[in-house]
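Since the structure comes first, as structure tokens, the remarks are kept for the end.
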Amino acid sequence: MAGPDFDAEIKQLQATMHTIEQVLDLDAMKTEIASLEEQVAAPDLWDDQANAQKVTGRLSLLQGELERYSVLNGRVDDLGVLVELAQEEADADTLAEAESELGRVKKEVEALEVRTLLNGEYDAREAIVTIRSGAGGVDAADFAEMLMRMYTRWAERNKYPVEVFDVSYAEEAGIKSAEFAIHAPYAYGTLSVEAGTHRLVRISPFDNQGRRQTSFAAVEVVPQLEQTDEIEVDENEVRVDVFRSGGPGGQSVNTTDSAVRLTHLPTGIVVSCQNEKSQLQNKAAAMVVLKAKLLAKRKAEEAALKKDLKGDVAASWGDQMRNYVLNPYQIVKDLRTGYETGNPQPVFDGEIDAFLEAGIRWRRGADKAAEN
């Protein structure tokens, strides 16, 4: 089998990195970093804590992006040198090493290219994910738990911390709902393309007649709230319920009413938290999630209004967006992008990067079409 055309591959990588450089606007980024560093060095920075957090957060984000680009660009240059030396000396081992490095670099360049598409107002933020079982009874509850595992495994693969706020277990198997945060830069922009209805088709393990069952689960993704966000919640408009927290049964069930459920009466938004030991901590955590959902709702309403003003009658994306078929054949297919794989198991184990990348590119295309 012929090896890769190193010259062509490296030229393509260099061209992509040049495009990324233009999108990132490195000169402007370096200028902004210098300005932010001056602000951080000011002795009165923390007199205004909200502004200080905004400045330090922005500085950290830009420094990380610049370093990621610089390191990857250096690897592309080093790869060219490595290939040149190996070809000059006809060193098969070094060429094999270069081929392996080429594969790794290509993957990281593609990931960075996708990252440049995440330029929405909240794309750089961490994410709060909510999963709810839909039609399909116990199979839907089991499917909802499978999706929760899929996203948490994806986070683990990327070494992203996951904070579970609440899990409501179903009576027989699976979960009715779950709410958790993924703490990583750009988690919201990346996972927001997962929002919508997911559909599973399989032979039900809960049907003693072995019939095929179709079940549904809904995924919602909102950006993590930051202290600079202006979201006010009137406590008179929030109903607070406390209940006993715990898992599906046995020793994991707590004996105190420490879990908290908040219902925002004007909108009907309900959030729960039971991962903390005290009622006050759970209420505070639930309020953070509630405010994040109210922020997302406000932005969605603003976006809808803009579409109405433009006369946009296209259906909103994110509903019935992916099929997971395990019988009579095996396939996972995204209905928006057309991306598919015939091996569902790795997907359920968290290997969803290809779906995320396709979704981000698809959304960028849809946004551009809407602008025209």
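The values are calculated or read from the model by the stated rules, or taken from the named source; none is laboratory data. The model shown is predicted, which means the values in this text are computed figures rather than measured ones. Cβ: placed from backbone, ideal geometry, glycine included. Neighbour counts: every protein chain shown. When the accessible area is computed, the model is the full protein with side chains, heavy atoms only, and any ligands, DNA or RNA have been set aside. Shrake-Rupley method; radii C 1.70, N 1.55, O 1.52, S 1.80 Å.
Does the stretch 13-33 include one or more residues that are touching a Phe, Trp or Tyr at 6+ places or on another chain (Cβ under 9 Å), not hydrophobic (A, V, I, L, M, F, W, C) and not in a loop (DSSP other than H, G, I, E, B)? Yes; the residues of the stretch 13-33 include at least one that is touching a Phe, Trp or Tyr at 6+ places or on another chain (Cβ under 9 Å), not hydrophobic (A, V, I, L, M, F, W, C) and not in a loop (DSSP other than H, G, I, E, B). The single condition from (1) closer than 18 Å to residue 11 by Cβ; (2) surrounded by fewer than 19 Cβ atoms within 10 Å (Cβ to Cβ) that residue 79 fails is (2).
Pairs are defined by a Cβ separation below 8 Å, a sequence spacing of at least 6 or placement on different chains, a first member in the stretch 93-117 that is closer than 24 Å to residue 19 by Cα, and a second member that is open to solvent by 60 Å² or more (accessible area, probe 1.4 Å) and among the charged types (D, E, K, R); the pairs so defined are 111/353; 112/68; 114/361; 117/361; 117/364.
Listed by first and then second residue, the pairs with beta-carbon distance under 8 Å, at least 6 apart or on different chains, first residue in the stretch 76-92 and farther than 18 Å from residue 110 by Cβ, second surrounded by 13 or more Cβ atoms within 10 Å (Cβ to Cβ) and of a type in the set (Asp, Glu), are 82/97; 82/101; 85/91; 86/97. Going through (1) open to solvent by less than 30 Å² (accessible area, probe 1.4 Å); (2) over 13 Å from the mean Cα position of the chain (by Cα); (3) not acidic (Asp, Glu) one by one, residue 132 falls short only on (1).
Considering only the stretch 49-57, I want to know if a residue exists there that is exposed (fewer than 15 other Cβ atoms within 10 Å of the Cβ), aliphatic (A, V, I, L, M) and closer than 22 Å to residue 125 by Cα. There is at least one residue in the stretch 49-57 that is exposed (fewer than 15 other Cβ atoms within 10 Å of the Cβ), aliphatic (A, V, I, L, M) and closer than 22 Å to residue 125 by Cα. Counting the residues of the stretch 1-43 that are open to solvent by 90 Å² or more (accessible area, probe 1.4 Å) and more than 20 Å from residue 111 (Cα to Cα) gives 9. For the stretch 82-122, filtering for residues that are open to solvent by less than 50 Å² (accessible area, probe 1.4 Å), under 22 Å from residue 27 (Cα atoms) and of a type in the set (D, E, K, R) leaves 1.
Yes or no: the stretch 63-80 includes at least one residue that is at pLDDT 90 or above, of a type in the set (A, V, I, L, M, F, W, C) and under 14 Å from residue 4 (Cβ atoms). Yes; the residues of the stretch 63-80 include at least one that is at pLDDT 90 or above, of a type in the set (A, V, I, L, M, F, W, C) and under 14 Å from residue 4 (Cβ atoms).
Taking the condition in contact with a His (Cβ under 9 Å, 6 or more places away or on another chain) and touching a residue at least 24 places away in the same chain (Cβ under 8 Å), does residue 188 pass?
Values: in contact with a His (Cβ under 9 Å, 6 or more places away or on another chain): no; touching a residue at least 24 places away in the same chain (Cβ under 8 Å): yes.
Taking the combined requirement at face value, the residue does not satisfy it.
The set of residues in the stretch 58-76 being charged (D, E, K, R) and open to solvent by less than 90 Å² (accessible area, probe 1.4 Å) consists of 65, 68, 75.
Specify which of the listed residues (335, 290) is farther than 30 Å from residue 261 by Cβ and either open to solvent by 60 Å² or more (accessible area, probe 1.4 Å) or modelled with pLDDT of 90 or more (or both). First the steps, then the outcome.
Working: 290 fails: farther than 30 Å from residue 261 by Cβ.
Step by step, each of 335, 290 is checked, and only 335 is farther than 30 Å from residue 261 by Cβ and either open to solvent by 60 Å² or more (accessible area, probe 1.4 Å) or modelled with pLDDT of 90 or more (or both).
In summary, strands (runs of 3 or more DSSP E) completely within the stretch 157-248 and bearing 2 or more residues that are buried (at least 18 other Cβ atoms within 10 Å of the Cβ) occur at 162-169, 175-182, 196-203, 212-223. Per this entry, residue 130 is not counted among residues that are out of contact with any strand residue (DSSP E or B) (no Cβ under 6 Å at 6 or more places or on another chain), modelled with pLDDT under 95 and not aliphatic (A, V, I, L, M).
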